[in-house]
């Protein structure tokens, strides 16, 4: 079958040129006589992959030299568990801002190891999330180890559209579904982490960008494999890294640079999102997105049909039109279009055309 | 370049038919219009991959129903850290048998969370490992949470060639470099875990086989993501699993079944190892393997040249002869041929022929 337009939330679409190159190299990586997944992570060929990928990620995000970049396993959730172990003393206070499901998950993963307070929460009385809490309304406690938030909430489609400016805080950001979608100022954060399966590569890899002075914190008693500093000191090769996922991430970084970098991708992303929200808002209520305009995600666009009975027909028709993975997360229902870097403007245009056509037939 | 014979210790060679199938499906997994790495782990297509892979692994190893099978991230080392957290009460005694580098690593990862004793250790006075400690010589303490050992030591090429029979112990086995190489009796173990990058698939996946009653142990305070039971209860989808690595492992399991299963693979493996050790032992001292005959690994065969000055010429010539990744681990030096399931008998025959030829030219 021809490739379809893929709106999956993650694992998500990858750029087709990346897949074609991986396919061409799958049995023989650049005259190694073996696949990139069959060679030692300590050998010359893979070390080059690792170094090139880090160099390119640093270029894409202008990561300063005093930040380490780690390529680890376990997903973003494991990092949520490791955050207090690495950054906080036993029982030390840590602050969390919750604006959706993943922020709430981060709280649960930290609770066994720290004194966690949720200092801001946008959850509504009926259990929904439809907005951020603006930075100006955050009230961090004194003497905390860090302040955690989630710049983009994948399930609810809620995004902070600007960056925090909190020089007195060690800001920790779960950027799983937003990293590489727009320029960021890394210096505003102590730690940035991101599961790969949105804008970076396949699942099974998590990128951690951490200010090096934070690696010197004592943290809490823990197994050596849970020490960020040990990973930093060994080039993320404390144990065997996920070499295949890392290699693919490297190809994605090269592709992103070829697109003109994050600023160029952001321009496309902003237009994709604006077009889709305009189509929803312009449907006269046939489609509806409940997120406050100041918090509408560029990456994940959930929307409801005015008549939930039409959902099944909408999805079946979309599938037939080559528009895949539009079913919303079970926590919010309805539809969701995830429009990461690898989802081209043509895919969004095709979705909008389908939505208009569907409305005409069922409106 | 044509594919070369690949003796890498891990990440290691994968069966060529597996790579060809992955290559053919890389842009469109069975009419999904997307790669297997681009589809939701909760969608029908991936659930089928997950269920089929577990079914096939259960068939390959005759895993009883009262054992759960988990497909996780983080590598075997993270499991070494999670073992005491899941199986032991805080400060409870746990026993370890050390017969090489990875057994020693397991001790270090457990020490922060348990009262660890090394009840048997085959380390020699000069810091080498050349033998196992037979089961009969183990003296487990009373009231321990479990007893850990490493059936095959990848670096030193030391393997327990029979299985433990310790019904009073919860035996935990790091089978990273031996799982699927020979039949095992799963009932002799409480927990079996194995990093994938030897006989299972690419790195970035770890398989955990755990007796279900052990999942009910309280363990220690820990983040939800570190609970084995939560992973078991969610079909290893507590968070986004490493779908690409899991899919590839599934292809390897199908390939293993097509070869006739583990018993058939074991027959080939036994012959490969016997031929290679015979070539070493028959070289009149030109090549040498220092491991006690009762403990010689089927999977990893380290050997030294009588004259270390010849090593570089040996490796260069091997490379030219299409024999790759033969350099030994830095901890022991010399050469190492890892001859996992995916390394065919022809590769071992080619290596032996090269070794004989090299000896004639340099003997």
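Of all the residues in region B:1-53, those that are touching a helix residue (DSSP H, G or I) at 6+ places or on another chain (Cβ under 9 Å) and more than 7 Å from chain A (Cβ to nearest Cβ) number 18.
The set of residues in region A:221-248 that are without any contact (Cβ under 8 Å) to a residue 40 or more places away in the chain, assigned to a helix (DSSP H, G or I) and within 8 Å of chain B (Cβ to nearest Cβ) comprises A:224, A:225.
Among the residues making up region A:196-220, a single one is without any contact (Cβ under 8 Å) to a residue 60 or more places away in the chain and within 11 Å of chain B (Cβ to nearest Cβ): A:196. Evaluation of residue A:173 against the conditions (1) more than 14 Å from chain B (Cβ to nearest Cβ); (2) touching a residue at least 40 places away in the same chain (Cβ under 8 Å); (3) surrounded by 24 or more Cβ atoms within 10 Å (Cβ to Cβ) shows that the sole unmet condition is (2).
Please specify each residue of region B:315-330 satisfying the condition of being farther than 13 Å from residue B:5 by Cα and facing chain A (nearest Cβ under 10 Å). Hits for region B:315-330 are B:327, B:329, B:330. Scanning for something more than 17 Å from residue B:343 (Cβ to Cβ), surrounded by fewer than 24 Cβ atoms within 10 Å (Cβ to Cβ) and either in the same structural domain as residue B:159 (by TED's automatic domain parsing) or modelled with pLDDT of 95 or more (or both), does region B:198-205 turn up at least one residue? No: zero hits. The strands (runs of 3 or more DSSP E) found wholly in region B:162-212 and carrying at least 1 residues that are out of contact with any helix residue (DSSP H, G or I) (no Cβ under 8 Å at 6 or more places or on another chain) and on the phi < 0 side of the Ramachandran plot occupy B:171-174, B:206-211. Would you confirm whether or not region B:23-44 contains a residue that is out of contact with any strand residue (DSSP E or B) (no Cβ under 9 Å at 6 or more places or on another chain), within 17 Å of residue B:258 (Cα to Cα) and surrounded by fewer than 18 Cβ atoms within 10 Å (Cβ to Cβ)? For region B:23-44, residues out of contact with any strand residue (DSSP E or B) (no Cβ under 9 Å at 6 or more places or on another chain), within 17 Å of residue B:258 (Cα to Cα) and surrounded by fewer than 18 Cβ atoms within 10 Å (Cβ to Cβ): absent.
If we scan region B:55-64, do we find a residue that is more than 7 Å from chain A (Cβ to nearest Cβ) and under 30 Å from residue A:323 (Cβ atoms)? No, every residue in region B:55-64 fails to be more than 7 Å from chain A (Cβ to nearest Cβ) and under 30 Å from residue A:323 (Cβ atoms). Test residue B:143 against the stated conditions and say whether it is part of a loop (DSSP other than H, G, I, E, B), more than 19 Å from the chain's Cα centre (by Cα) and in the same structural domain as residue B:54 (by TED's automatic domain parsing). Taking the combined requirement at face value, the residue satisfies it. The single condition among (1) free of Cβ contacts under 8 Å to residues at least 40 places away in the same chain; (2) closer than 19 Å to residue B:42 by Cα; (3) within 12 Å of chain B (Cβ to nearest Cβ) that residue A:333 does not satisfy is (3). Within region A:124-142, the set of residues being at pLDDT 95 or above, surrounded by 12 or more Cβ atoms within 10 Å (Cβ to Cβ) and out of contact with any strand residue (DSSP E or B) (no Cβ under 8 Å at 6 or more places or on another chain) comprises A:134, A:135. In summary, residue A:110 fulfils each of the numbered conditions (1) within 13 Å of chain B (Cβ to nearest Cβ); (2) in contact with a strand residue (DSSP E or B) (Cβ under 9 Å, 6 or more places away or on another chain); (3) surrounded by fewer than 23 Cβ atoms within 10 Å (Cβ to Cβ) with the single exception of condition (3). Taking the criterion of being crowded, with 23+ Cβ neighbours inside 10 Å, in contact (Cβ under 8 Å) with a residue 60 or more places away in the chain, out of contact with any strand residue (DSSP E or B) (no Cβ under 8 Å at 6 or more places or on another chain) and within 14 Å of chain B (Cβ to nearest Cβ), would at least one residue in region A:270-290 satisfy it? No; the residues of region A:270-290 include none that is crowded, with 23+ Cβ neighbours inside 10 Å, in contact (Cβ under 8 Å) with a residue 60 or more places away in the chain, out of contact with any strand residue (DSSP E or B) (no Cβ under 8 Å at 6 or more places or on another chain) and within 14 Å of chain B (Cβ to nearest Cβ).
Yes or no: region B:342-359 includes at least one residue that is modelled with pLDDT of 95 or more, outside any helix (DSSP H, G or I) and either over 24 Å from the mean Cα position of the chain (by Cα) or within 22 Å of residue B:160 (Cβ to Cβ) (or both). Yes, some residue in region B:342-359 is modelled with pLDDT of 95 or more, outside any helix (DSSP H, G or I) and either over 24 Å from the mean Cα position of the chain (by Cα) or within 22 Å of residue B:160 (Cβ to Cβ) (or both).
Against the test of being at pLDDT 95 or above, touching a helix residue (DSSP H, G or I) at 6+ places or on another chain (Cβ under 9 Å), farther than 30 Å from residue B:51 by Cβ and assigned to a loop (DSSP other than H, G, I, E, B), the options B:317, B:284 yield a single qualifying residue, B:284. With respect to (1) at pLDDT below 95; (2) at negative phi; (3) within 14 Å of chain A (Cβ to nearest Cβ), the lone exception for residue B:91 is condition (2). Can you find a residue in region A:158-169 that is touching a strand residue (DSSP E or B) at 6+ places or on another chain (Cβ under 8 Å) and within 23 Å of residue B:74 (Cα to Cα)? No.
The values are calculated or read from the model by the stated rules, or taken from the named source; none is laboratory data. These numbers come from a predicted model, not from an experiment. Virtual Cβ from ideal backbone geometry, glycine too; neighbours counted across all protein chains shown.
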